[in-house]
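Reviewing the structure listed below.
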Amino acid sequence: MSSLSFDDLDETQFEEFCFDALRELGFVNLDWRKGTGLPSSPADRGRDIVAHLERVEPDGSKHFEKWFVDCKHYKKGVPPERLQRLLAWAEAEGPDMALFMCSNFLSNPAKDFLKTYEANRHPPFKIRYWERPTIERLTTGKDELLQKHLVLEGLRDENEIIAAEQEFFDRVWYYRKVLWASHHEGKDADPPRENLGAGGMRQLVSSPV
């Protein structure tokens, strides 16, 4: 099974992936709080994305949870000091959930920090973190999302696919030309390329020389 890699994305591109992934997962009213054309978002007030998720109670009643999402794009483990801004703003503004979406992993000190924070502060919101394996599991089968952001290892972009198709077409056309020549010795005509459809390709590839 292929795995995700965010190493080729910059911070803004990873935030955009997170935004699109949340939408694919059913979140609504998404607000990407970038607020600037700069690579970083100094005015995001502790969260990169605000979103709502519908919850259905056993009696059928519905309500929306507000999520503050902080996107952490690190090749190494995210340190604990990089978690504090989201938590501080969550305490001030009271969402239902504070979520860290990590391109790789939280460091062990960061995980210990969150456990201690919950035990000592008893925040009025829940805390979650999605590391790369969790994001991979949640986005499995969402091919359009993964293709758009090119985060699936080994996934080729559209130009590479088109080039490969053209190469395959040329190879099969050349093979057909050889067959044509062998059946029309003494004739110089080439087989018409426009008549070589997908079915013709399959037939020629499977035909003996």
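The values are calculated or read from the model by the stated rules, or taken from the named source; none is laboratory data. Everything quoted here is computed from the prediction, not taken from an experiment. Every residue, glycine as well, gets a Cβ built from its backbone with ideal geometry; the counts of neighbours run over all protein chains shown.
For region 56-86, taking the residues that are within 23 Å of LEU25 (Cα to Cα) and of a type in the set (A, V, I, L, M), the one that is surrounded by the most Cβ atoms within 10 Å (Cβ to Cβ) is identified as VAL69.
How many of the residues making up region 1-48 are hydroxyl-bearing (Ser, Thr, Tyr), in contact with an Asp or Glu (Cβ under 8 Å, 6 or more places away or on another chain) and at pLDDT below 65?
Going through region 1-48 one residue at a time, the tally reaches 3.
If you go through region 65-118 and pick out every residue that is among the acidic types (Asp, Glu) and closer than 20 Å to PRO133 by Cβ, you end up with 2.
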